[in-house]
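Working notes, structure below.
The values are calculated or read from the model by the stated rules, or taken from the named source; none is laboratory data. The structure displayed is predicted, hence computed values, not measured ones. Here Cβ is always computed from backbone atoms with ideal geometry, including for glycine, and neighbour counts include all displayed protein chains.
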Amino acid sequence: MQAMTYEVSHLRVLEAEAIHIMREVAAELEHPVLLFSGGKDSLVLLHLATKAFRPGRFPFPVMHVDTGHNFPEVLEFRDRLIARLDERLIVASVQESIDSGRVAEETGPRASRNRLQTVTLLDAIAEHGFDAAFGGARRDEERARAKERVFSFRDDFGQWEPKAQRPELWSLYNGRVRKGEHVRVFPISNWTELDVWQYIAEEGLELPPIYFAHRREVFRRDGMLYAVSPFVELMDGEEPFEASVRYRTVGDMSCTGAVESTAASLEQVVDEIAATRITERGETRADDRVTEAAMEDRKREGYF
Amino acid sequence: MPGPAGNGRIDVTRGHRASDLLRFATAGSVDDGKSTLIGRLLYETKQIFADQLEHVEETSRRRGDGYVNLALLTDGLRAEREQGITIDVAYRYFATPRRKFIIADTPGHEQYTRNMVTGASTADLAVVLIDARKGVVEQSRRHAFIASLLRIPHLVFCVNKMDLVDYDEEVFERIDEEISGWAAKLDVSDITFIPVSALNGDNVVERSENMPWYCGPSLLYHLEHVHIGSDRNLIDARFPVQWVIRPMSDEHHDYRGYAGQIASGTFRTGDPVIVLPSGRQTRIARIDVDGGTVEEAFPPLSVTMLLEDEVDVSRGDMICRAHNHPVPTQELDAMVCWMADAPLQARGRYAIKHTTRNARAVVEDLRYRIDVNTLHRDESAAALGLNEIGRVHLRTSAPLLVDEYRRNRTTGSFILIDESTNSTVGAGMILSAERAEHPEPERAATGSGH
């Protein structure tokens, strides 16, 4: 007893905070949903949900917004994981939004379904009557996100209003919404990219294989490496070549870049991440490069 | 800009597993060099990535700033960059081999006091910037007062721009004396003064050779070594129940776990406990964490408790000890920081959220409004406007299980919500509570199923 120092490592502090946030949402909102992309951050969210609610079931379903341009490895991983957890999965399909005329597909070699996802997401939230949606966004990712609350209020158009955010004090979260409105909730707001990787290593979590170095057919555009896939048109002068790459983030195949790497194990990846000099979104996400406030603008519209 | 962007003074990859976490808030206006100081900390601990720096350089050039404006790193919203001010709290992250840090970068302007209160509410330490040329100004006092009101245990005054006063020891000593005299009223246990030049990096990461008369630590050294372990309350056992886990599956048919985050104190398997507000007594049968069990739980862990007897426990209840538990009350006195345009007035009715309990509250009395710059109490005040702070007496629709904020930042704090807009309109810190009628503790009848 005397020898106890009650020390808690920073990862355990972050974990306890995230679990507290998830339980608050479960207790105070009627119809939450957990947004799962197959990426490492939402994988950590799923894992935290098991810590928050087991041996009970999750008091919410898991939802994947499927752009139709996903990495096949990620879809396969998603289905296996959800089956193992024995939880409910909802798939909201961007293809269906296109087919039903809700959105129009962009055309040309730089076409992406990234922006279309917002409509599919908001439609699915409305259709199912969700009043809270967990996301894996982190404040260290991007400067608009650095300003966002853990409980981020969205009006009935799904819009984020950065200048009128609810004050958020102590660990007292205000998730009150009217019908049609919802909150986005980010339990791992205070985690850094390195925290996520260290946590995955400590907890021994399985990741989709594209996070580790593998041989892939790629081409170079705007200084980034993109996978050759049926979803991307090559432009003049773009020559496919094979390289050893891994992904630092997982998104749509048309706008997620790979990094050259030979890191094949979790430990090697963590070492590379710790040594990197470029942010993950800067290195691998074309969607953030449009304007100086690209993320702020998309978030205002209701993006993740 | 000088600085070791590439070489290896600090390497976060090694020895990180045992490191702990320090949350600190910074306050100061743009002119105090707050953004430069944060930029300097991030830069020298290699947290600014090449693409971020490139972006800031390019934007600075385009705006014609004439220098690499590190404030652009911390100001995240379009409106903030346009106006060159910080409006809302931004959170920043950096690490050294000793610690992980979360910075709540808060705006200094009086108009954004509520945002500073927000950032300060979870901080272990506050850094208040003072411009060496201007000395202690109204704003410095306000920032120190808010830090003390929120009971941030450690306060650091960074006397910045020492380069512009020729690194003069007398300037620093004068500011130190002035604040020390005044801060005695503030009831902050740990105050540190550090002379710095954020622009040149003096005493930010390394001790400065320009101020040989200063014998204290650099800011980073202080942040890395300040002792925060004993800031936690490990005495008063408080476990607000958040969520009841009842799987009702074949495998876990009788499982009934009470999930929550330990607010304070320690809990061990076998400990006798009392459940409030019912007053029923029982013992802790087991403490579950992540599929396994632990012998002892302490703050800030999130755990699930199983009790020996089948007692009725639900969200909003609190598990504590029979001889040390909070006062169940419907009458309380509190300091409130007001955060809405529509003022707080006597007879105003709001929703109140305290730990995991929700109730309604009516403002019985506004005792006084405090002038955040002079600490003067205005007892004739009839309302609290946006960003104003005052002492109120509240009556609640249901008993709350409260401690004084000075003793417990978790069970001593609450928020007020306007039920017509659903906005968070007030932040409250409990000063004292009147004891409500308390049921006689009774031992739960063992084995009485229902």
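Examine segment B:117-134 for a residue that is of a type outside the set (D, E, K, R), out of contact with any strand residue (DSSP E or B) (no Cβ under 8 Å at 6 or more places or on another chain), surrounded by fewer than 24 Cβ atoms within 10 Å (Cβ to Cβ) and outside the structural domain of B:GLU404 (by TED's automatic domain parsing), and state whether such a residue exists. If you could, list the steps in order and put the result at the bottom.
Start the filter on segment B:117-134 by keeping residues that are of a type outside the set (D, E, K, R), which leaves B:117-123, B:125-130, B:132.
Going one step further and asking which of them are out of contact with any strand residue (DSSP E or B) (no Cβ under 8 Å at 6 or more places or on another chain), we end up with none.
Among the residues of segment B:117-134, not one is of a type outside the set (D, E, K, R), out of contact with any strand residue (DSSP E or B) (no Cβ under 8 Å at 6 or more places or on another chain), surrounded by fewer than 24 Cβ atoms within 10 Å (Cβ to Cβ) and outside the structural domain of B:GLU404 (by TED's automatic domain parsing), which makes the answer no.
Taking the residues in segment A:237-253 that are closer than 26 Å to A:TRP197 by Cβ and at pLDDT 85 or above as candidates, determine which candidate is surrounded by the most Cβ atoms within 10 Å (Cβ to Cβ). Explain how you work it out, then say what you get.
Step one: filter segment A:237-253 for residues closer than 26 Å to A:TRP197 by Cβ, giving A:243-253.
If we keep only those that are at pLDDT 85 or above as well, we get A:243-248.
Values: A:ALA243: 18, A:SER244: 15, A:VAL245: 21, A:ARG246: 21, A:TYR247: 29, A:ARG248: 25.
That would be A:TYR247.
Report yes if some residue within segment A:215-236 is crowded, with 23+ Cβ neighbours inside 10 Å, assigned to a loop (DSSP other than H, G, I, E, B) and more than 9 Å from chain B (Cβ to nearest Cβ); otherwise report no.
Within segment A:215-236, not a single residue is crowded, with 23+ Cβ neighbours inside 10 Å, assigned to a loop (DSSP other than H, G, I, E, B) and more than 9 Å from chain B (Cβ to nearest Cβ).
Does segment B:201-221 contain any residue that is in a loop (DSSP other than H, G, I, E, B), closer than 30 Å to B:PRO328 by Cα and either touching a residue at least 24 places away in the same chain (Cβ under 8 Å) or within 14 Å of chain A (Cβ to nearest Cβ) (or both)?
So the first thing to find is which residues in segment B:201-221 are in a loop (DSSP other than H, G, I, E, B), and the list is B:201, B:203-205, B:207-218.
Of the ones still in play, those that are also closer than 30 Å to B:PRO328 by Cα are none.
No; the residues of segment B:201-221 include none that is in a loop (DSSP other than H, G, I, E, B), closer than 30 Å to B:PRO328 by Cα and either touching a residue at least 24 places away in the same chain (Cβ under 8 Å) or within 14 Å of chain A (Cβ to nearest Cβ) (or both).
Quick check on segment A:237-281: of everything there that is within 13 Å of chain B (Cβ to nearest Cβ) and of a type in the set (S, T, N, Q), which residue is farthest from A:ALA144 (Cα to Cα)?
Residue satisfying both the conditions and the ranking: A:GLN268.
Please identify the pairs in which a residue from segment B:293-311 that is facing chain A (nearest Cβ under 10 Å) has its Cβ atom under 8 Å from the Cβ atom of a residue that is of a type in the set (Ser, Thr, Tyr) and not in a loop (DSSP other than H, G, I, E, B), counting only partners at least 6 apart or on another chain.
Going by the 8 Å Cβ cut-off, the qualifying pairs are B:PRO299/B:SER264; B:THR304/B:TYR258.
Could you please find all residues in segment B:43-57 being more than 8 Å from every other protein chain (Cβ to nearest Cβ), over 21 Å from B:VAL204 (Cα atoms) and of a type in the set (Asp, Glu)?
Answer for segment B:43-57, where residues must be more than 8 Å from every other protein chain (Cβ to nearest Cβ), over 21 Å from B:VAL204 (Cα atoms) and of a type in the set (Asp, Glu): B:GLU54, B:GLU57.
Here are some residues: A:GLY158, A:GLY180, A:GLY129, A:GLY135. Which one is under 20 Å from A:ALA18 (Cβ atoms) and either touching a strand residue (DSSP E or B) at 6+ places or on another chain (Cβ under 7 Å) or not assigned by TED's automatic domain parsing to the domain that holds A:LEU266 (or both)? Give the derivation first.
Values: A:GLY158 fails: under 20 Å from A:ALA18 (Cβ atoms); A:GLY180 fails: under 20 Å from A:ALA18 (Cβ atoms); A:GLY129 fails: under 20 Å from A:ALA18 (Cβ atoms).
Of the residues listed, the single one that is under 20 Å from A:ALA18 (Cβ atoms) and either touching a strand residue (DSSP E or B) at 6+ places or on another chain (Cβ under 7 Å) or not assigned by TED's automatic domain parsing to the domain that holds A:LEU266 (or both) is A:GLY135.
Could you pull out the residue among B:ASP75, B:ASP32, B:ASP65, B:ASP88 that is more than 27 Å from A:PHE186 (Cβ to Cβ), crowded, with 22+ Cβ neighbours inside 10 Å and modelled with pLDDT under 85? Talk me through it step by step, then tell me what you get.
On the way: B:ASP75 fails: more than 27 Å from A:PHE186 (Cβ to Cβ); B:ASP65 fails: crowded, with 22+ Cβ neighbours inside 10 Å; B:ASP88 fails: more than 27 Å from A:PHE186 (Cβ to Cβ).
None of the other options fit; the residue is B:ASP32.
What do you reckon, is A:GLU105 more than 20 Å from the chain's Cα centre (by Cα), at negative phi and not β-branched (Val, Ile, Thr)? Break it down stepwise before answering.
On the way: more than 20 Å from the chain's Cα centre (by Cα): yes; at negative phi: yes; not β-branched (Val, Ile, Thr): yes.
Judged against the criteria, A:GLU105 is a match.
Among what's in segment B:108-144 and is part of a helix (DSSP H, G or I) and more than 26 Å from B:ASP231 (Cα to Cα), pick the residue that is nearest to the chain's Cα centre (by Cα).
B:TYR112
Give just the number: which of (1) closer than 28 Å to B:ASN115 by Cα; (2) surrounded by fewer than 21 Cβ atoms within 10 Å (Cβ to Cβ); (3) charged (D, E, K, R) does B:ARG207 not satisfy?
(1)
Write out, first by first residue and then by second, each pair whose Cβ atoms fall under 6 Å of each other, whose residues are 6+ apart or on separate chains, and whose first residue, in segment A:118-147, is within 22 Å of A:GLY175 (Cβ to Cβ) while the second is of a type in the set (Phe, Trp, Tyr).
Pairs that qualify, where the first residue is within 22 Å of A:GLY175 (Cβ to Cβ) and the partner is of a type in the set (Phe, Trp, Tyr), are A:THR118/A:TYR303; A:GLY135/A:PHE186; A:GLY135/A:PHE304; A:ALA137/A:PHE186; A:ARG138/A:TRP191; A:ARG139/B:TYR91; A:ALA146/B:TYR91.
Pick out, from segment A:1-115, the strands (runs of 3 or more DSSP E) lying fully within it that include 1 or more residues that are away from every other protein chain (no Cβ under 14 Å), at pLDDT below 95 and touching a helix residue (DSSP H, G or I) at 6+ places or on another chain (Cβ under 8 Å).
Numbers: elements: A:32-35, A:62-66, A:89-93.
Strands (runs of 3 or more DSSP E) meeting the threshold: A:62-66, A:89-93.
Can you find, within segment A:160-186, the residue that is nearest to the other protein chains (Cβ to nearest Cβ) among those that are surrounded by 15 or more Cβ atoms within 10 Å (Cβ to Cβ) and closer than 21 Å to A:ASP123 by Cβ? Break it down stepwise before answering.
Keep residues of segment A:160-186 that are surrounded by 15 or more Cβ atoms within 10 Å (Cβ to Cβ), which gives A:160, A:162, A:165-177, A:181-186.
Remaining after also requiring closer than 21 Å to A:ASP123 by Cβ: A:160, A:177, A:181-185.
Values: A:TRP160: 11, A:VAL177: 7, A:GLU181: 8, A:HIS182: 12, A:VAL183: 10, A:ARG184: 15, A:VAL185: 15 Å.
Ranking the qualifying residues of segment A:160-186, first place goes to A:VAL177.
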